[in-house]
Amino acid sequence: MRLGLNRIKAFLKKPKVIIILSFLFALLLLFWFCLPKPLFNSPTSYVIDDTNGQLLGASIASDGQWRFPPNAEVPEKFKQCIIAFEDKRFMHHPGFDILALGRAVKQDLHGRRVESGGSTLTMQVIRLATKDKRNIWNKLKEVFMAMRLECRYSKSQILSLYASNAPFGSNVVGLDAASWRYFGRSPDKLSWGEMAAMAVLPNAPSLVHPGKNRAILLKKRNHLLDKLHNAGMIDAATASLAKLEPVPDQPVALPQLAPHLLARFKTDHRNDRDGDTRIKTSIKAGLQMQVNQILERQHQQLRGNQINNIAAVVLDVETGAVLAYAGNISHPEDSTMQSDVDVVNAPRSPGSTLKPLLFANMLHDGLILPNSLMPDIPTQIMGFHPQNFDLVYDGAVPASKALSRSLNVPAVRMLQQFKVDRFYDFLHKTGMTTLNKPADHYGLSLILGGGENTLWELTGAYADMARVMNHYKKYNGKYDPADYHNPVYTLSDLKTPDLQKASMLDAASIYYTFAAMEEVMRPGEEMLWQQFSSTQRVAWKTGTSFGFRDGWAIGITPKYVVGVWVGNTDGEGRPGLTGISTAAPALFEIFRILPVTRDWFDMPVGEMVKIKVCRQSGYRAGEYCDDTYDEYVPKSGLKAQVCPWHQLVHLSADEKWQVTGNCVPPDQIVNKKWFVLPPSMEYYYKTKNYQYKVLPPFRPDCVQAENTNPMEIIYPKDGAKIYVPLEADGTRGRVIFNAAHRQAGIKIFWHLDDAYVGETKDFHQIALNPPPGKHTLTLVDSGGNTVHVSFEVLEK
């Protein structure tokens, strides 16, 4: 034994043996590392599919080729066709076919040029990867590398590599791209005749391609069909029918159902190179086509008013995944339409669409109850003078009605109470990234569209709220912070929720917000929706930006959220471009094609408490509220203010005068609970609410109590800064000063800087033209009550 080992050692030390072993080892290393890494490095097209794998759109690769990313699945028909046509012993050889190769070498040596290929499919994959010229030496290299390829990949994988990288004529590479370019559908849907044509194209793509040499293509295709029939792969009838099918003509256009989503995917992929250039999106192709058609119909009507652009998204509430993504109309032939701009992801002024978010926050913090009266009077805050869209004031309006009617003044006053910084932080927490300036930059105008938001993020915020509502019962009254996230266009596995007791918004506050939004008046024939049981319940909100530049509409159901934007991408405003007239019709047309959900959001009683509410003020009932009702409100409603406007008043026996104990014996005083609004609110409120009773005046012989001034200056407020605009002829205009008095028919005497300027009766307005600088306005009524404010007129 020892003698045998010594002989082997001695043999291995011989120089010739060492050289041979070294050569074999080097050959083994060369064999092992001979394949390029990666095997194919050509750029691929960006491709997006719908949730079922149907092609939504694709863009040409950076090298000008239609080359889809590799597809691991090769249709069985193509497998049979390509093996029968190119490499009938493919499933059995080690990468090269010795019989075919010997025949090819013999023919090539005899003709002193390449006359017969003899290449197997595996060798063709190597040639496609290396791009070497066809000659005998490269053929030998292909054999060597093909054997290594067979060691590394399975037969199915090699077929996939071939199908993904073979040339199919013109600038089309790969079976997938060729199938769509020549037949307008995916490879798995091709017939035998179509698949046979696909199989013969790579054999001579420069000579035989659709549109040219059709007779040669037809002959090769039919010859392959005969081979398949003779091999028993197809029957005679199938072969005959397949031969009757026409060969492909000129390439057809690829689907472009979601061009803006395709462009967005390209941008996202270039920013993050991880992953394939082909993705399966959450889009539903059928719904996408219907939404595209709806937007096109709406666009045909809107363009009469020179409104060129419209966009829409449909989100699935549960996942936040987008089901339809129409970033704009699609009119690439008309550059003036700017239809290539993806408005879904473009920052635009949101108008009033943020108001429900503020309403929900006010409820969540216990600052209001759903129907708390909010002031709706002329308002000026630090030079900001908001006005309602119709320029009309109600004096006071329930918060829920203010939301459903989209009143601007109550919204501004609520934001002033809630604080801009807090609301700004909340918007950031919900995923809104377009508010990139400090909160002070936007100020109170933030609630009226003073900032910018995208349709994508704004619609996603409402989907978050709906998701919280849906999960409240599912999670037994707890909350998952992950319910707040931006929309997505690809589906991923759901994560285990990290349940917590609190959330940014509680379910009860969201419930009452959606209830208010459900009362928004619908447009057109949708106005009578409540009379039809088949109509979809929708909580929705519109928005119109300053200058009539943007029209918005966002609708929410337990399953879907739909967002629509209308306007011009260049920012041009148009008369009548409002959310209710332009975006809302498209919104409800989209909802009509969605499955009707009979269920509505469950009332989250676990997040509510039952309290007594003052019917007139909507606040928690106080000791002087005699008309109350029980209502479930968010638990935070226990912190809400007690009714501030009910008070106990002292009246004469006939109840025509207010009196005091100084002028009437206590036993002759009638004590009565009275709903009393401040004079400025009362001035407008009583004209809209006939049941409101004005507090009687004090009897002349009675001294008026302190803090009961019946007079109030509506405009300007104390400390206001006013700019007086110029008239058309260049002269300075006039400022309209406005006041309210609780007592009808009384005179008010107006003084500017202690100088008498006029008097009013009943209708207390006066036009003045004070010069630039600081001034004091003093009002005195005939009863001697006095009120004054200081203001400043700006020169510029």
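Taking only protein heavy atoms and a 1.4 Å probe, the accessible area of the chain is 54% carbon and sulfur. Here r is the Cβ-Cβ distance between LYS429 and LEU794 and R0 is 41 Å; the resulting FRET efficiency, rounded to 0.05, is 0.65.
Using the Cβ-Cβ distance between LEU287 and VAL605 with R0 = 45 Å, the FRET efficiency computed as 1/(1 + (r/R0)^6) comes to roughly 0.80.
Note on LEU648 and ARG592: the extension gain reaches 14.8 nm, defined as 0.36 nm multiplied by sequence separation minus the Cα-Cα distance. Straightening the chain between ARG152 and TYR475 buys 111.3 nm, computed as 0.36 nm per residue apart minus the Cα-Cα spacing. In region 401-551, the C-alpha radius of gyration followed by the widest Cα-Cα span (Dmax) gives 17.0, 47 angstrom.
Taking the Cα centre of the chain as origin and assigning +1 to Lys and Arg Cβ atoms and -1 to Asp and Glu Cβ atoms, the resulting dipole is close to 5280 debye. Heavy-atom accessible area with a 1.4 Å probe sorts HIS788, HIS471, largest first, into HIS788, HIS471. Largest accessible area first, the listed residues SER406, SER179 line up as SER406, SER179 when surface is computed with a 1.4 Å probe on the assembled protein chains.
Label reach from LYS559 (point 7 Å along Cα→C-beta): in region 47-89, amide nitrogens under 19 Å belong to 51-52.
Derived scalar couplings between HN and Hα for region 778-793 equal 10, 10, 10, 8, 5, x, x, 5, 10, 8, 8, 9, 10, 8, 10, 9 Hz in order, rounded to whole Hz, by the Karplus curve 6.51 cos²θ - 1.76 cosθ + 1.60 (θ = phi - 60°), x for Gly and Pro.
Can you find, among ALA285, TYR153, TYR489, the residue farthest towards the positive end of the dipole of the chain? Put +1 on the C-beta of Lys and Arg, -1 on that of Asp and Glu. So the residue furthest toward the plus end is TYR153.
Each residue was assigned an accessible area with a 1.4 Å probe, and for ARG522 the value is about 10 Å². Across region 217-225, rounded Karplus estimates of 3J(HN,Hα) from the backbone phi angles (6.51 cos²θ - 1.76 cosθ + 1.60, θ = phi - 60°) give 4, 5, 5, 5, 4, 5, 4, 5, 4 Hz, Gly and Pro being marked x. Calculated on the Cα set of region 385-478, radius of gyration then Dmax: 15.4, 46 Å.
Per residue, the Cα convex hull of the chain amounts to 283 Å³. Surface exposure of region 498-650, expressed per residue as accessible area with a 1.4 Å probe, stands at 44 Å². For region 329-434, the equivalent ellipsoid derived from the Cα gyration tensor has semi-axes of 32, 18, 13 Å, listed largest first.
Remark on region 614-707: Rg and Dmax equal 15.5, 48 Å (Cα only). Over the chain, DSSP H runs of length four or greater, each weighted -39,500 (n - 2.57), average out per residue to a 222 nm ellipticity of -10000 deg cm²/dmol. Farthest towards the positive end of the charge dipole of region 120-279, among the residues ALA237, ALA166, VAL252, is the Cα of ALA166, using unit charges on the Cβ of Lys, Arg, Asp and Glu. Which are the unpartnered cysteines of the chain, meaning those with no other cysteine Cβ under 4.7 Å from their Cβ? If one checks each Cβ against the other cysteines of the chain, CYS34, CYS81, CYS151 turn up with nothing under 4.7 Å. For the chain, the longest principal axis of the C-alpha atoms and the axis of helix 420-429 are separated by about 20°.
Against the chain, whose longest principal axis comes from its Cα atoms, helix 455-474 is set at around 80 degrees. Sparse packing (at most 15 other Cβ atoms within 10 Å of the Cβ) combined with a DSSP loop state is found for the following trypsin sites (Lys or Arg not before Pro) in region 333-426: LYS419.
For region 455-506, taking the reciprocal of the average inverse distance between every pair of different Cα atoms yields a Kirkwood hydrodynamic radius of 11.6 Å.
All distinct Cα pairs of region 232-290 go into the 1/r average, and the inverse of that average, the Kirkwood radius, is 15.7 Å. The accessible-area ordering, largest first, of the residues ASP425, ASP483 stands as ASP425, ASP483, per a 1.4 angstrom probe. TRP180 accessible area, nearest 10 Å², 1.4 Å probe? My reading of the accessible area for TRP180 is about 20 Å².
Projected over all directions and averaged, the alpha-carbon convex hull of region 332-384 occupies 7.2 nm². Label zone (LEU726, point 7 Å along Cα-to-C-beta; backbone nitrogen cut-off 19 Å) within region 770-795: 770-773, 793-795.
The values are calculated or read from the model by the stated rules, or taken from the named source; none is laboratory data. Everything numeric here is computed off the predicted structure, so don't read it as measured data. For neighbour counting, all protein chains shown are included, and Cβ atoms are generated from backbone atoms with ideal geometry for every residue, glycine included. Remember, those area values only see protein heavy atoms, side chains included, never the ligands or the DNA or RNA. Shrake-Rupley method; radii C 1.70, N 1.55, O 1.52, S 1.80 Å.
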